[in-house]
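This report refers to the structure that appears directly beneath it.
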Amino acid sequence: MNKKHKIFSVIFLGISIFGYSQIKEEQLILNRKREPEVKKIEKKKTSVVQEKNYPPDNKKKEDSLNLKYDIVNVPPVSDFKTTEIQGEDISPKFSNDYQSNYFRLGYGNYGKFLADANVSGKVQDNVEVGEDVHYLSTSGLKNEYDWSSKQNQAKIGSYANIYTEKGKFNIDANYAFNNYNYYGIYALTPPNNNVDLEQKVNKFSVNGYYDHYSNDILNNVRVKSYFLSDHFGASENYANAELNLSKHGFSVYDDITANGDLGINLETVNSKFDILNKNTNNQFNFTLSPKVTFYKGDSYLLIGSDFSFLNSKNSNNLTDESKNNKFYWFPKAEVLVAAADEFKFYGGIDGGLKLNTYGNLLEENPFLISDLTLKPTETKYHFYFGLKGDVDQTFKYDVNAGFSKVNNAQFFYNNNLFDSNIAADRQGYDYANTFSSIYANGTLMEVKGDLQVFPIENLTVDAGLHFMKYKLDNLEEVYYKPLFQFNLGAKYTMLEKKLNLGFKAYFVTDRTSNSYSVVTTFPAFSMQENVNEKVGGYADINLSAEYKLHKNFSIFALGNNLLGAKYQNYLGYKVLGAQVVAGVKITF
């Protein structure tokens, strides 16, 4: 190790004494000296030899173009919602002598207990099966609240990878639960510390994927489905089937080739709630997506459209059922001019429908009331332009700006009390401590930037920023959408790859919410609303370290939210302060 590397190593180790935050697992799409990977349903790498001929050259080129050169597949902000106890495991994985089977145990402050494992093996030369198990729990903020804020969550899954001469199958099934409390009570105090604030969400998912290598007529097939239920009797069924047909690589003129594609997508969701207004929501969306892409070298021109038919039904115990059948057309075009590997200019227009589901919204905000009106969000059009490039395989970047017209853009807002009477015994969601979904039409201006730098052999640095400015027609304020978000990360390997270090920092500006204050008018409450409550921004610092004592045994330490700020992502819900988790990992 030369002097320059030694100095850097000492500096990085000095930083690593701080720790790391509560954010979900991050994945870097681009690794050094290779094209972007295609995200598959299976989550673990495999050593099955039949994959060695995948992907063919035409598949590799198609996938890299479709990914639009997304450099980092991490949200630009710490997405561990206010109660989410899962810390981001940013530990770099040991890339040499990779072993997919492992078992890990860890324990830390706030009573945090971590256990996870992945075991897989071949049952035939071309068939691999495996199990994924993850569990995490915490005792919560006992010194901040008189009532319980503990949480535990788990995910148990099975998967299979099947390789044939013509394609690859991936199948996975998993069960997950999240057991937590509506602890964010800011407007009034519960009558005692034994009040029941529990919410529990159960989710069973089955997914399948088939990738046809040749792209001759059949390209790929994807199927996703889940069933969700919660503590208050809500249920949701979701299914999505996508068939992609294609004919690739046919000659048009001299050195110009073309790909023809047709996407067929069926998506349906049925949601039913069992408390308060007892909303029911049924949505069915059928979409055809034809497109033609012309290539000349690394440059291309894409022309296509999305044709969508939406059938939706909404009802509750206060109003009659409303039905809506509507046809949508969305333009789609993109041009990329590859002046050089270092400079690729691109721009285009697209749009589409997004079905908002209870399951997806809970992933963003677990404190939603179990009674929502669900509407699809329509991006009527989205213009964008940008610049990206790869400088000598040591600096990769993508900067773009866009402008969108959006109908039924989805936001979260704070609920009032549902029962305005003074009562000693309230439901756990009836302390002005839950959120609902609200929708608004308007425009959105965005600027995004992502980069990866490889300054020395064992170091990767990444950064991302996201600026977004909404202008809404029927809302005075934009709730829970920060104006600016920034993330910075690094991964470093040293001591002959025995020590792996990870760093991630998130910076988020103030957000706006509504809030309520209580005015007592015996024998009832009256609530006064403030529509411009500021929820402070934050800086979130995360560090990790893993040291391999033996090829099958390592120790690790994870530091979360090391600045120790108990900030709020959602009003009333403080996050855990500085956390440190340490443990052991066995690979085999």
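Beta carbons closer than 6 Å, at least 6 apart along the sequence or on distinct chains, pair a first residue in segment 516-532 that is surrounded by 11 or more Cβ atoms within 10 Å (Cβ to Cβ) with a second that is aromatic (F, W, Y) for V518/F525; M527/Y516; E529/Y516. Just to be sure, is N542 in a strand (DSSP E or B), among the polar types (S, T, N, Q) and either touching a residue at least 60 places away in the same chain (Cβ under 8 Å) or touching a Lys or Arg at 6+ places or on another chain (Cβ under 7 Å) (or both)? Yes; evaluated as a whole, the condition is true for this residue. Quick check: anything in segment 430-443 part of a strand (DSSP E or B) and β-branched (V, I, T)? Yes: segment 430-443 contains one or more residues that are part of a strand (DSSP E or B) and β-branched (V, I, T). Annotation note: of L243, L266, L262, L228, the sole residue that is more than 19 Å from I303 (Cβ to Cβ), out of contact with any Gly (no Cβ under 8 Å at 6 or more places or on another chain), of a type in the set (A, V, I, L, M, F, W, C) and modelled with pLDDT of 95 or more is L266. In segment 190-217, of all residues being in contact (Cβ under 8 Å) with a residue 60 or more places away in the chain and more than 30 Å from G167 (Cα to Cα), the one that is surrounded by the fewest Cβ atoms within 10 Å (Cβ to Cβ) corresponds to P191.
Might you let me know whether segment 471-482 holds any residue that is more than 20 Å from E446 (Cβ to Cβ), of a type outside the set (D, E) and touching a Leu at 6+ places or on another chain (Cβ under 6 Å)? Can you show your working first?
Filtering segment 471-482 for residues more than 20 Å from E446 (Cβ to Cβ) gives 474, 476.
Retained after the next criterion (residues that are of a type outside the set (D, E)): 474.
Next, only the ones that are touching a Leu at 6+ places or on another chain (Cβ under 6 Å) stay: none.
Taking every residue of segment 471-482 in turn, none turns out to be more than 20 Å from E446 (Cβ to Cβ), of a type outside the set (D, E) and touching a Leu at 6+ places or on another chain (Cβ under 6 Å).
Kindly provide the set of residues from segment 537-569 that are over 21 Å from the mean Cα position of the chain (by Cα) and at positive phi, ordered by number. Within segment 537-569, just G564 meets the criteria.
Inspection of segment 364-372 finds a residue satisfying the criterion of being surrounded by fewer than 20 Cβ atoms within 10 Å (Cβ to Cβ), in contact with a strand residue (DSSP E or B) (Cβ under 7 Å, 6 or more places away or on another chain) and under 26 Å from V575 (Cα atoms). Considering the conditions (1) surrounded by 17 or more Cβ atoms within 10 Å (Cβ to Cβ); (2) within 24 Å of V406 (Cβ to Cβ); (3) of a type outside the set (S, T, Y), K471 is excluded by exactly one of them, (1). Pairing residues of segment 482-494 that are assigned to a loop (DSSP other than H, G, I, E, B) with residues that are surrounded by fewer than 19 Cβ atoms within 10 Å (Cβ to Cβ), at Cβ distances under 6 Å and at least 6 apart in sequence or on separate chains, gives P482/T509; L483/T509. Would it be correct to say that K497 is part of a loop (DSSP other than H, G, I, E, B) and at pLDDT 95 or above? No: the conditions fail for K497.
Going by the structure shown, is G351 among the small types (G, A, S), surrounded by 20 or more Cβ atoms within 10 Å (Cβ to Cβ), in contact with a strand residue (DSSP E or B) (Cβ under 9 Å, 6 or more places away or on another chain) and farther than 28 Å from N181 by Cβ?
Numbers: among the small types (G, A, S): yes; surrounded by 20 or more Cβ atoms within 10 Å (Cβ to Cβ): yes; in contact with a strand residue (DSSP E or B) (Cβ under 9 Å, 6 or more places away or on another chain): yes; farther than 28 Å from N181 by Cβ: yes.
Here the answer is yes, as G351 does meet what is asked.
N178 - would you say it is in contact (Cβ under 8 Å) with a residue 40 or more places away in the chain, of a type in the set (S, T, N, Q) and surrounded by fewer than 20 Cβ atoms within 10 Å (Cβ to Cβ)? When the stated conditions are applied, N178 does not pass them.
I'm trying to understand the selection: among the residues of segment 333-348, which are within 16 Å of G304 (Cβ to Cβ), buried (at least 19 other Cβ atoms within 10 Å of the Cβ) and not aromatic (F, W, Y)? Walk me through how you get there before you give the answer.
Filtering segment 333-348 for residues within 16 Å of G304 (Cβ to Cβ) gives 333-336, 346-348.
If we keep only those that are buried (at least 19 other Cβ atoms within 10 Å of the Cβ) too, we end up with 334, 336, 346, 348.
Correct list: E334, L336, G348.
Any idea which of A539, A582, A490 is surrounded by fewer than 18 Cβ atoms within 10 Å (Cβ to Cβ) and in contact with a Phe, Trp or Tyr (Cβ under 6 Å, 6 or more places away or on another chain)? Even if it seems obvious, please write down each step before you answer.
Working: A582 fails: in contact with a Phe, Trp or Tyr (Cβ under 6 Å, 6 or more places away or on another chain); A490 fails: surrounded by fewer than 18 Cβ atoms within 10 Å (Cβ to Cβ).
The conditions single out A539.
In segment 394-404, the condition of being at pLDDT below 95 and not hydrophobic (A, V, I, L, M, F, W, C) is met by at least one residue. Of the numbered criteria (1) under 30 Å from F395 (Cα atoms); (2) within 20 Å of the chain's Cα centre (by Cα); (3) not polar (S, T, N, Q), the one V453 fails is (2). Here Q124 clears all of (1) under 23 Å from the mean Cα position of the chain (by Cα); (2) surrounded by fewer than 16 Cβ atoms within 10 Å (Cβ to Cβ) except the condition numbered (1).
Note on segment 271-306: residues that are hydrophobic (A, V, I, L, M, F, W, C), over 30 Å from L361 (Cα atoms) and surrounded by 18 or more Cβ atoms within 10 Å (Cβ to Cβ) amount to 1. Assess whether V133 counts as being under 17 Å from N174 (Cα atoms), out of contact with any Cys (no Cβ under 8 Å at 6 or more places or on another chain) and in a strand (DSSP E or B). It is true that V133 is under 17 Å from N174 (Cα atoms), out of contact with any Cys (no Cβ under 8 Å at 6 or more places or on another chain) and in a strand (DSSP E or B).
The values are calculated or read from the model by the stated rules, or taken from the named source; none is laboratory data. Everything numeric here is computed off the predicted structure, so don't read it as measured data. Note that we place each Cβ from the backbone using ideal geometry, even for glycine, and neighbour counts take in every protein chain shown.
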